[in-house]
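Have a look at the structure below, then the notes.
The values are calculated or read from the model by the stated rules, or taken from the named source; none is laboratory data. Since the model is a prediction, treat every value here as computed from it, not as a measurement. So basically every Cβ, Gly included, is an ideal-geometry build from the backbone, and we count neighbours across all protein chains shown. Ligands, DNA and RNA are stripped out before the accessible areas are found, and what is left, the full protein with its side chains, is counted by its heavy atoms. Shrake-Rupley method; radii C 1.70, N 1.55, O 1.52, S 1.80 Å.
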Amino acid sequence: MRLTDFWARMAEHFGDSYADSFARDHVMSELGGRTVYEALEAGWSAKEVWRVVCRAMEVPADRR
């Protein structure tokens, strides 16, 4: 998954403003206690991060 696709999915699910806020502020244990931005910077793939977000936030299957 490309980063542009990842951010488009984040915006689609959370809305433009909240997607960025969520990615900066929400620490997830499944990302090793990191935020989305920190996980991406640490080398996690966008696909891996998106899967974690989907599980943690119960994103509907049709949006995954």
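With Cβ to Cβ distances under 13 Å as the rule, what net charge do the other residues near W50 carry (K, R +1; D, E -1)? Each step should come with its number before you reach the end.
Working: positive: R2, R9, K47, R51, R55, R63, R64; negative: D5, E12, E30, E48.
Summing Lys/Arg as +1 and Asp/Glu as -1 gives +3.
Read phi for every residue in the range 30-35 and hand back ³J(HN,Hα) as whole Hz from Karplus 6.51 cos²θ - 1.76 cosθ + 1.60, θ = phi - 60°, with x for Gly and Pro.
After applying 6.51 cos²θ - 1.76 cosθ + 1.60, I find 5, 9, x, x, 10, 7 Hz.
Treat every Asp and Glu Cβ in the range 7-64 as -1 and every Lys and Arg Cβ as +1, leave all other atoms uncharged, and give the resulting dipole magnitude about the Cα centre to the nearest 20 debye.
Values: 8 positive and 10 negative charges, 42 e Å.
Its charge dipole is roughly 200 debye.
For the range 1-43, which whole percent of the accessible surface, found with a 1.4 angstrom probe, sits on carbon and sulfur atoms?
Details: 1180 of 2690 Å².
Solvent-exposed carbon and sulfur of the range 1-43 make up 44 percent of the total.
What accessible area per residue comes out for the chain, rounded to a whole number of Å², with a 1.4 Å probe? Mind dumping the intermediate values first?
Numbers: 4040 Å² over 64 residues.
Roughly 63 Å² per residue, with all protein chains present.
If each DSSP helix of 4+ residues adds -39,500 (n - 2.57) and the sum is divided by the residues in the chain, what number results at 222 nm, nearest 500 deg cm²/dmol? Walk me through the numbers on the way to the answer.
On the way: 4 runs with 39 residues, N = 64.
Mean residue ellipticity, 222 nm, calculated: -17500 deg cm²/dmol.
Let me know the shape class of the chain, please: from the alpha-carbon gyration tensor, a ≥ b ≥ c as square roots of the eigenvalues, rounded when a/c is under 1.5, otherwise prolate if a/b is greater than b/c, or oblate. Working shown, then result.
Values: a/c = 1.31, a/b = 1.28, b/c = 1.03.
Judged from the Cα gyration tensor, the chain comes out rounded (a/c under 1.5).
Excluding T35 itself, calculate the net charge of residues whose Cβ lies under 15 Å from the Cβ of T35, where each Lys or Arg counts +1 and each Asp or Glu counts -1. Write down the numbers at each step before the final one.
Details: positive: R24, R34; negative: D20, D25, E30, E38, E41, E48.
Net charge in that neighbourhood comes out at -4.
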